[in-house]
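For reference, the structure discussed in these notes is given below.
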Amino acid sequence: MGMIIGIITGAVLGVMLLLISIILIWISKRKQEESRYAIWILVAGFIALITSGSNALRYFL
């Protein structure tokens, strides 16, 4: 059961980071500024989703 919690937590964290980064990118585009933090948050979200998917494949296969 512990591995499933890690998979769910990673997926939720990844989706939350992606949503936050999309909102930050949208706000920075409206202000016509560049936001490096939003890009780093986007990368972290993708890495969290990839890690969660890798753990899910390892658990279910």
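The values are calculated or read from the model by the stated rules, or taken from the named source; none is laboratory data. Quick caveat, the model's predicted, so the values are computed rather than measured. Counting neighbours? That spans all protein chains shown, and the Cβs are built from the backbone with ideal geometry, glycine included. All accessible areas refer to the heavy atoms of the entire protein, side chains included, with ligands and DNA or RNA removed. Shrake-Rupley method; radii C 1.70, N 1.55, O 1.52, S 1.80 Å.
The residues of the chain have, on average, 80 Å² of accessible surface per residue, using a 1.4 Å probe with all protein chains present.
Seen from a random direction on average, the alpha-carbon convex hull of the chain projects onto 3.8 square nanometres. Among the trypsin sites (Lys or Arg not before Pro) in region 7-61, those placed in a DSSP loop whose Cβ has at most 11 other Cβ atoms within 10 Å are Lys31. Helices in the chain, meaning DSSP H runs of at least 4 residues, each add -39500 (n - 2.57). Divided by all residues, the mean residue ellipticity at 222 nm is -31500 deg cm²/dmol.
The fraction of accessible area contributed by carbon and sulfur in the chain is 73 percent, rounded to a whole number (1.4 Å probe; ligands and nucleic acids excluded). Residues of region 5-31 with an amide N closer than 15 Å to a point placed 7 Å from the Cα of Phe60 along the Cα-to-Cβ direction: 5-12.
In this rough spin-label picture, where each label sits 7 Å from Cα along the Cβ direction, the Ile50-Ser35 distance is 2.3 nm.
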